[in-house]
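These notes concern the structure reproduced below.
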Amino acid sequence: NGFETGNSAQTNNTGDNYVAWNFRAAPGFFDVVKYTATGSTQEYAHNLGSVPGFMIVKSLVEEVDWAVYHKDLGASQYLTLNSTVAAESANPAWVNEPTDNEFTVGGAYTTGGYAGKEYIAYLFADTPGLIKCGSYTGTGSASPNVVSTGFEPQWVMLKRTNEPDLGGNWVIMDAARTNDSKLKANTSEAESTGYSSDFEFTNDGFTLTT
């Protein structure tokens, strides 16, 4: 009914604080798929029972980037979880849009280019009232930018999809910590604090100011 840590400094260093996010593999919410790549375009089955809204893929044996799919960018574009770069389209990561029972990867090394090598894929659904994958346009204003998810979220990941020179970090906020604490998925930095005026969870989503 949970997990145990060893004595690694990455998970259990004496006196350090940690946060863990646990996603239940269940239809309409989340699924994990491990597959063996073919080196070219290939479809793989999943058990979400709905069309994925967000997917993260990583090679288990090669030192390549984490490839990310988002429904609002489509299969012609991809993001990189370990980088601040904007959405890109030159790399054939996805080829086709995912369906309610399979997803397609291309010949990009990040998703399927290493024939015979194993990859792991994390698939998130987009189910009303349960999990939301969406997008919004920044206002650059101190006036609140209200983003609705249709429920009170416990975990939010944000990423700028254009203009990476302005700082396109993958910012993670969660209800286990305070509204002013940010973690960045693309770095090994500790959390940064002092952003209470920037972000706030609401019972229908979250609000952003600057």
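Taken together, the values in this text are just the output of simple stated rules run on the coordinates, not laboratory data. Quantities reported herein were computed from a predicted structural model and do not represent experimental measurements. Every residue, glycine among them, receives a Cβ derived from its backbone with ideal geometry; neighbour counts consider all protein chains shown.
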Set of aspartates and glutamates with alpha-carbon distance to LYS182 below 15 Å, sequence-local pairs under 8 removed: ASP174, GLU191, ASP198, GLU200
I need the phi-derived Karplus couplings for segment 78-86: 6.51 cos²θ - 1.76 cosθ + 1.60, θ = phi - 60°, integer Hz, Gly and Pro marked x. 8, 10, 10, 5, 9, 8, 8, 4, 6
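Excluding PHE30 itself, calculate the net charge of residues whose Cβ lies under 14 Å from the Cβ of PHE30, where each Lys or Arg counts +1 and each Asp or Glu counts -1. It would help to have the intermediate numbers written out before the result.
Values: positive: ARG24, LYS132; negative: ASP31, ASP126.
Spelling it out: positives minus negatives among the neighbours equals 0.
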Over the chain, what is the relative contact order in percent, taking alpha-carbon pairs closer than 8 angstrom and at least six residues apart? 20
Against the 2.2 N^0.38 Å scaling, with N counting residues, where does segment 1-94 land? I'd like the Cα-based Rg ratio to two decimal places. 1.32
Once phi for every residue in segment 115-122 is put through the Karplus expression 6.51 cos²θ - 1.76 cosθ + 1.60 (θ = phi - 60°), the whole-Hz ³J(HN,Hα) values, with Gly and Pro written as x, are 4, x, 9, 8, 10, 10, 10, 10
When we measure straight from the Cα of LYS117, which lysines land under 19 angstrom away, once same-chain ones fewer than 8 places off are left out? LYS34, LYS58
Could you work out [θ]222 nm for the chain from helices alone, using -39500 (n - 2.57) per DSSP H run of at least four and dividing by all its residues? Round to the nearest 500 deg cm²/dmol. -500 deg cm²/dmol
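Quote the relative contact order of segment 33-137 in percent (integer), defining contacts as alpha-carbon pairs under 8 Å separated by 6+ residues.
It comes to 41 percent, rounded to a whole number.
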Rounded to two decimals, what is the ratio between the C-alpha radius of gyration of the chain and 2.2 N^0.38 Å? 1.05
